[in-house]
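All remarks here apply to the structure that follows.
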Amino acid sequence: GGWNVNGKHVIALAGNPNTGKSTIFNALTGLNQHTGNWSGKTVANASGFFSHKGVDFRIVDLPGIYSVLSDTAEERCAKEFIVNEKPDMVLVVADATCIERNLNLCVQVADLTDNVILCLNLMDEADKKGMEIDVDKLSEYLGIPVIPASARNGEGIKEIKDMAVDIALGRKKVKPLKAGISELKFDEACLKTISIAEEAAKTAVIKDKKESLQVMADRIILSKKFGIPVILLVLGIVFWITIVGANYPSSLLMELFAKGEAALKTNLAFLPPWLCGI
């Protein structure tokens, strides 16, 4: 369909909005990219290319979507591209901090095509939240390669490229778990993919017993019991600084300037008056 140009292997990039999909796209393609529109539609697309280990890839950034089952313009574009253009592989970017919700799209995409790679982005944030994700278990359950990443720190990008090369050269065979939703009605299909995503998340995610300091602080400060007193205390401190507290450093500064002025006047008395004035 015009996307597989000059023998490049085509990768479709899919994912929910706000999962860091654009960061992954930029990290993979660098400046080798351009934006346009899907033919006949106002939905924007970006495509780019990269080479790794002597293999050339073209990567097409699909619109950010939550599902391929409903009928918005973005979801239709994404589904049509996967089904009609038959990319060599689909890289699904998921937010590791809310993995259950993100896996729903991954399960749906794996039902449309075989060569699916799941990139678990924002692993650093998941770690801060005290989450531990068993990547191997998740990979085994879904039947697809799962790559942990933190794209803004550049982590996981090389591993994605390595996996893309292995799939492109046939060294890695992917046999994803099929939900079999093509024959189901819309609501039945939704329920089935959601239940598979829930089960996959339950299998792979361990909530760490040791809460990070940030999570503990959030839990206390943002709780119903402490939230309002804490914000009132903070506002009180701000008002005190504005009305009273700022007077102390400002009076010290005034005193310093006054002393400085006197000292300068005495020591610079030999200069012409206009220069001394400056």
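The values are calculated or read from the model by the stated rules, or taken from the named source; none is laboratory data. Note that this is a predicted model, so its numbers are computed, not measured. As a convention, Cβ positions derive from the backbone with ideal geometry for all residues, glycine included, and neighbour counts pool all protein chains shown. For accessibility, only protein heavy atoms count, side chains too; no ligands or nucleic acids. Shrake-Rupley method; radii C 1.70, N 1.55, O 1.52, S 1.80 Å.
General remarks:
- Using a probe of 1.4 Å, the accessible surface attributed to ASP136 totals some 120 Å² when neighbouring protein chains are kept in position.
- Among (i) 28.2, 98; (ii) 18.1, 54; (iii) 23.3, 97, the entry that matches Rg and Dmax of the Cα atoms in Å as calculated here: (i)
- Taken over the C-alpha atoms, the stretch 114-186 has Rg and Dmax values of 14.3, 42 angstrom.
- The solvent-accessible area of HIS34, taken with every protein chain present and a 1.4 Å probe, is close to 100 Å².
- Counting Lys and Arg as +1 and Asp and Glu as -1 over every other residue whose Cβ lies under 14 Å from the Cβ of ASN115, the net charge comes to +1.
- Legend: Rg and Dmax of the stretch 12-121, from Cα coordinates, 13.1, 39 Å.
- Cα gyration tensor category, rounded, prolate or oblate, for the stretch 60-186 with a/c compared to 1.5: prolate
- Between LYS172 and VAL135, the modelled label-to-label distance comes to 1.0 nm, taking each label 7 Å out from Cα in the direction of the beta carbon.
- GNM on the chain, alpha-carbon springs under 10 angstrom: the most fluctuating residue among ILE220, ILE59, ILE24 is ILE220.
- Dividing the mean sequence gap of close Cα pairs (under 8 Å, 6+ apart) by how many residues the chain holds gives a relative contact order of 16 percent.
- The accessible-area ordering, largest first, of the residues LEU31, LEU232, LEU275 stands as LEU31, LEU232, LEU275, per a 1.4 angstrom probe.
- Accessible area of the stretch 79-210 belonging to carbon and sulfur atoms, whole % at 1.4 Å probe: 49
- 1.4 Å probe accessible area per residue over the stretch 68-145, in Å²: 38
- Beta bridge orientation in the chain: antiparallel %, DSSP, nearest 5: 45
- When the surface is traced with a 1.4 Å probe over the full set of protein chains, LEU103 keeps roughly 0 Å² accessible.
- Choice from MET131, MET216, MET254 with maximal GNM fluctuation in the chain (Cα, 10 Å cutoff): MET254
- Ordered from largest to smallest accessible area (heavy atoms of protein chains, 1.4 Å probe), the residues VAL109, VAL205 come out as VAL205, VAL109.
- Taking every protein chain into account, the accessible area of the stretch 165-278 amounts to 81 square angstrom per residue (probe 1.4 Å).
- The GNM of the chain, with springs linking C-alpha atoms under 10 angstrom apart, assigns the highest mean-square fluctuation among LEU91, LEU256, LEU138 to LEU256.
- Here the calculated FRET efficiency for LEU191 and LEU31, from their Cβ-Cβ distance with R0 = 45 Å, stands at 0.55, rounded to the nearest 0.05.
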